[in-house]
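The values are calculated or read from the model by the stated rules, or taken from the named source; none is laboratory data. None of the values given here were measured: they were computed from a predicted structure. Positions of Cβ are backbone-derived with ideal geometry, glycine not excepted, and every protein chain shown enters the neighbour counts. Keep in mind that these areas ignore ligands, DNA and RNA; they rest on the heavy atoms of the full protein, side chains included. Shrake-Rupley method; radii C 1.70, N 1.55, O 1.52, S 1.80 Å.
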Amino acid sequence: MSRLIQAAAVRASGYAARMAAQTRDARTTLNALALAHLCRTIAPTPATLQAWSKIASESPNPDWLASDLLTGLTAAAGMLETGDARAADYLRLLVDLRQTDGLFDDTALLEVALTGGPALGLPRRSDAAIIDGLLAGMETPDFAAVLTALEAASAFGQVPLSMVDPIPDLLEGAAAAALRAYDLPLGARLLRARRYASPRPGAGLETGLAFLLSSQAEDGGFGDYDTAIATLNVEGQADAEARIRLPVSFQALWTLAELEDPALRLARRVFGADGLAARIGVAA
Amino acid sequence: MTLLDITASSPDEIPVAPEIYGVFPDHESRSCLLEGVLSWLGMRLELFDPPQEEAVTGEVPETIVQGRRRKAFGELGAALRLASRAPSLRTHPRIRLLAAEWKRLARERNIFFDARRRIQLFPPMAVALAVLTAIEPGEDQPDRLRLQTVLDRGFMDRVERSAWHKLDLKYYFEAAGLTHGFEGDAALLAQCSLMAPPALPWASTMDLYGVTHLIFHFTDFGTRPLPAVAGFDRDTLDRYVVLALAMCLAERDFDLVAELLMSRLCLGAPADPLSRTAAAALCAAQQAEGFMPDRTWPADVAGLTPAEAMEKEFFGVYHPTVVTLFLIACDMALEPAA
């Protein structure tokens, strides 16, 4: 991992710790733990380890269901390292519920996180269907389904894909379009999917990397949301900054790490080769 | 192989060279797209009709601006000019009809009226002259002298403008046979955004139009290479155009998709899966009436009369539809002769 990305991770860990200390609520704790664990995975330095410890020891108990699945799983993965029973309980609940139809939007992510391997039995889409989905419009269910399918087919980058042209180009274009609309989480997700879809370099990957790097602010968090935060503050929504920028920072940093090092697959590093279920001694 | 062997071969055994149709997946899809566009343009021709210029009174001539109807008329003309380069388009019955109507309107509407004072209309007049020069080859263009007089006054080609704006004017001035004082293409390329295009996530739609129009005019729609300039990285530009095309495809901005596809043609890029996919997407986006939708289509026409609604829709969609004609014309004009 380059010093540039490691430095970004160190700054982001400081941001996570400050947000957790500043807001002191269960949702923020969860998001801050996830970001801090990501930071120490990317850059295991005294600064990131200290940030993690501070959040884990001084923040309120996390609300495990307060954020998206990726955030919850990452936070739980970090807490397991200290033998945290609440994290283990959360994961046991996921193991119990994972076969329930329609309960989870992202069953592929759940499988990768719990078992370390790709989800079995998911229908594989043809190249033509993937292209059609990517051209359907970024706000459509077809587009979202294609993105999820690519993540699942690659097990979040652990299974090499060599998707035919122009799928990698279309993913790069969609990523650029998402960033242009300032939808950083979607842009980040599309850039990762592009990385999973093909090992070849691309101008869109370089553009995305540069954009995300430049979106880290002086405080270590990612994304410029002053106007949105001010609007939410006026509307009386509590902890607007933490609710917006912690998840965005998580997505941005995850993506930077995977773009910058083509061999790095954070899913494997964070969840382990055998998955989180094995770490809590449960057969998944 | 003897003559007997050749004549004895069944047609299935004779190898057929693959037919290359530029960016389009096949001849049929390009033809279908073309016929739809031409049909719609023919049906909406009255909406391209420019003002009757000598009837525009009550305004100081120097203050009269182009407006959307003159703009639409000029853009249609520019597309017909490009179409005239492709032999099969030049003789296409609908193109011939459109060109004839365009010429008739240009004359009847007196579009060069008061050319020496209506200086803000000078650029579209130059475009119109270039169009007439192309679609009436060999015919005398008496308005050229009046336009040259304006240029000879020493201001039109001297005021502060971007390299893009200068090139747009220079291109059509030269196509119209006008002499001017703008720098050469190499000097303009060295000053323009193609040297270091703006990062796409931050680029505006106008920035992208700048890129495409610079490419069109530097290459004369693909008939000559970009000028050689120190420090200019051609590969970077190629990759930029590819990414921009993919981005606009994702945004379903078919106007820019067509312009960026044309840019790839002008840069001599081989027809690859992305270009073919983009061209196929254009074909799929074409509406039943033959027009190409813009990003705001369908327009909100609540409370409008049918005529008002048609006009509102027209000014939303005419540009991507005309640009599609540009693309087809460019594709056909650059196609190797059979």
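Miscellaneous remarks
- Some residue of segment A:172-182 being touching a strand residue (DSSP E or B) at 6+ places or on another chain (Cβ under 9 Å) and either modelled with pLDDT of 95 or more or closer than 18 Å to A:THR74 by Cβ (or both): no
- Exactly one residue out of A:ALA66, A:ALA75 is buried (at least 24 other Cβ atoms within 10 Å of the Cβ) and in contact (Cβ under 8 Å) with a residue 40 or more places away in the chain, and it is A:ALA75.
- Every pair of residues 6+ apart whose Cβ atoms lie under 9 Å, when the first sits in segment B:238-253 and is facing chain A (nearest Cβ under 7 Å) and acidic (Asp, Glu) while the second is open to solvent by 10 Å² or more (accessible area, probe 1.4 Å) and assigned to a helix (DSSP H, G or I): B:GLU251/A:ARG180
- For A:LEU186: the one exception among (1) in contact (Cβ under 8 Å) with a residue 24 or more places away in the chain; (2) more than 14 Å from every other protein chain (Cβ to nearest Cβ); (3) more than 29 Å from A:ALA278 (Cα to Cα): (2)
- In the set B:VAL229, B:VAL301, only one residue is free of Cβ contacts under 8 Å to residues at least 24 places away in the same chain, over 28 Å from B:ALA86 (Cα atoms), away from chain A (no Cβ under 13 Å) and β-branched (Val, Ile, Thr); that residue is B:VAL301.
- Selection within segment B:28-63 - assigned to a helix (DSSP H, G or I) and among the small types (Gly, Ala, Ser): B:SER29, B:SER31, B:GLY36, B:SER39, B:GLY42, B:ALA55
- Residues of segment A:135-148 that turn out to be more than 10 Å from chain B (Cβ to nearest Cβ) and in contact (Cβ under 8 Å) with a residue 40 or more places away in the chain, as a count: 2
- In segment B:205-222, the residues that are more than 22 Å from A:LEU209 (Cβ to Cβ) and either without any contact (Cβ under 8 Å) to a residue 12 or more places away in the chain or within 14 Å of chain A (Cβ to nearest Cβ) (or both): B:THR205, B:MET206
- Counted residues, segment B:225-275 - those being buried (at least 20 other Cβ atoms within 10 Å of the Cβ) and part of a helix (DSSP H, G or I): 27
- Looking only at segment B:180-204, residues that are open to solvent by less than 10 Å² (accessible area, probe 1.4 Å), more than 14 Å from chain A (Cβ to nearest Cβ) and under 26 Å from A:SER215 (Cα atoms) come to 1 in all.
- Qualifying residues in segment A:199-244 (those that are hydroxyl-bearing (Ser, Thr, Tyr) and either touching a strand residue (DSSP E or B) at 6+ places or on another chain (Cβ under 9 Å) or away from chain B (no Cβ under 11 Å) (or both)) - the one farthest from A:LEU179 (Cα to Cα): A:THR231
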